[in-house]
Amino acid sequence: MTHSVLSAVNAPSLSPARRSLYLVDASLYVFRAWHSMPDEFRDAQGWPTNAVHGFARFLLDLVERERPQHVVVAFDEALDSCFRHGLYPAYKANREPAPEELRRQFAHCKALCAALGLAVLAHHEYEADDLIGSALHAARAQDFRGVIISADKDLSQLLFEHDEQWDFARGLRWGMEGVKARHGVHAHQIADYLALCGDAVDNIPGITGIGAKSAAVLLAHFGSLDALLSRIDEVPFLRLRGAAQMAVRLREQREHALLWRQLTTVALDAPLVLPATGFDRAPGDPDMLAGLCEALRFGPMTRRRLHAAAGHPLPNSPSMEAP
């Protein structure tokens, strides 16, 4: 199985006036809520709901602030069945499996998105990053620019000229040109960069002796991993501390470097199962939303906000004004 990411050099000419497609890395915000929200929230059956409560707040803040008309929300279901595990069984082996209390909440979060009319993407062989990359790749042909809601540096490789990445929790937004300031390499070099220096979060070792600064220097000089590997003989002559030893390691670990890049490259060909409305936001489902609010025991203010976000405001009533 081969996957590729397009170079920014070959990006289509995008106009800022084009429609914005919001691409939400949902799992990041579900996990963040799981770790930050108190565990006092329980559903009607007594199961914890802190993650779904926190995710709902994030989703409402996003929808109320941006009022997106085109949006997809990608979830990670390929926790141990991703195609990358077949390439490298130790991929993400440093992560503890999600407990059952959290796995249940992922299902609630997906249902909540659907009830709000947001397209949900999930696949047992592809990660959320791949689904976001594939959706954005498909959307470019429909005159969309991408707004990627995630702090994940892997996703920066997807940015073309008018795209944006948004770390929603920190209120930071950057485009293709901002990637260099953040990581020392261009957006289209991110996969090569991570292949060289590794990514501890995903248990990708990188090349022995090459850290983030060295990887950035090498890519600034050679432009790409392929060029670097084809010109290893030049590495010892660079003004880079330990350059001679880096050349030795690159020769020894050439196949590893290519494997690491397969792991760090976001796929653009993941199968997309979109609703009939495609990337357009669908009408909310008030009955489904009411059932979720009841089962998850949302408070009156959250219920009111959710129904308003779904386009079905609740009528004023004394019972709904209770704190």
Practice task
Could you figure out which of (1) under 21 Å from ALA267 (Cβ atoms); (2) buried (at least 16 other Cβ atoms within 10 Å of the Cβ) isn't true of TRP174?
Solution key: (1)
Practice task
Determine, yes or no, whether GLU294 is of a type in the set (Asp, Glu) and more than 30 Å from CYS113 (Cβ to Cβ).
Solution key: no
Practice task
Could you check, for the stretch 311-318, whether at least one of its residues is surrounded by fewer than 16 Cβ atoms within 10 Å (Cβ to Cβ), in contact with a Gly (Cβ under 7 Å, 6 or more places away or on another chain) and on the phi > 0 side of the Ramachandran plot?
Solution key: yes
Exercise for the section: Would you mind finding the one in ASP269, ASP233 that is of a type in the set (D, E, K, R) and exposed (fewer than 14 other Cβ atoms within 10 Å of the Cβ)? Expected result: ASP233
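For every residue, the table says whether it meets (1) over 26 Å from ARG182 (Cβ atoms); (2) of a type in the set (Asp, Glu).
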residue	(1), (2)
VAL71	no, no
ARG84	no, no
GLU100	yes, yes
ALA111	yes, no
ALA115	yes, no
SER134	no, no
ARG145	no, no
LEU158	no, no
Completion exercise
Counting only helices (runs of 4 or more DSSP H) entirely within the stretch 224-274, those with at least 1 residues that are touching a residue at least 60 places away in the same chain (Cβ under 8 Å), within 33 Å of the chain's Cα centre (by Cα) and closer than 30 Å to GLU127 by Cα are 254-264
Exercise for the section: Given the conditions (1) in a loop (DSSP other than H, G, I, E, B); (2) over 30 Å from ILE232 (Cα atoms); (3) not hydrophobic (A, V, I, L, M, F, W, C), report the number of the one that GLY206 does not fulfil. Expected result: (2)
Problem - Check on ALA169, over 25 Å from LEU60 (Cβ atoms) and among the small types (Gly, Ala, Ser) - result: no
Problem - Index of the failed condition, LEU314 passing every other in (1) out of contact with any Lys or Arg (no Cβ under 7 Å at 6 or more places or on another chain); (2) assigned to a loop (DSSP other than H, G, I, E, B); (3) more than 19 Å from LYS110 (Cβ to Cβ) - result: (1)
Exercise for the section: Please tell me if ILE148 is of a type in the set (A, V, I, L, M), crowded, with 18+ Cβ neighbours inside 10 Å and touching a Ser or Thr at 6+ places or on another chain (Cβ under 8 Å). Expected result: no
Practice task
Please state which of the following conditions GLU255 fails to meet, knowing it meets all the rest: (1) exposed (fewer than 15 other Cβ atoms within 10 Å of the Cβ); (2) at pLDDT below 95.
Solution key: (2)
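The values are calculated or read from the model by the stated rules, or taken from the named source; none is laboratory data. This structure is a prediction, so every number in the text was calculated from the model and none was measured. We place every Cβ from the backbone using ideal geometry, glycine too, and count neighbours over all the protein chains shown.
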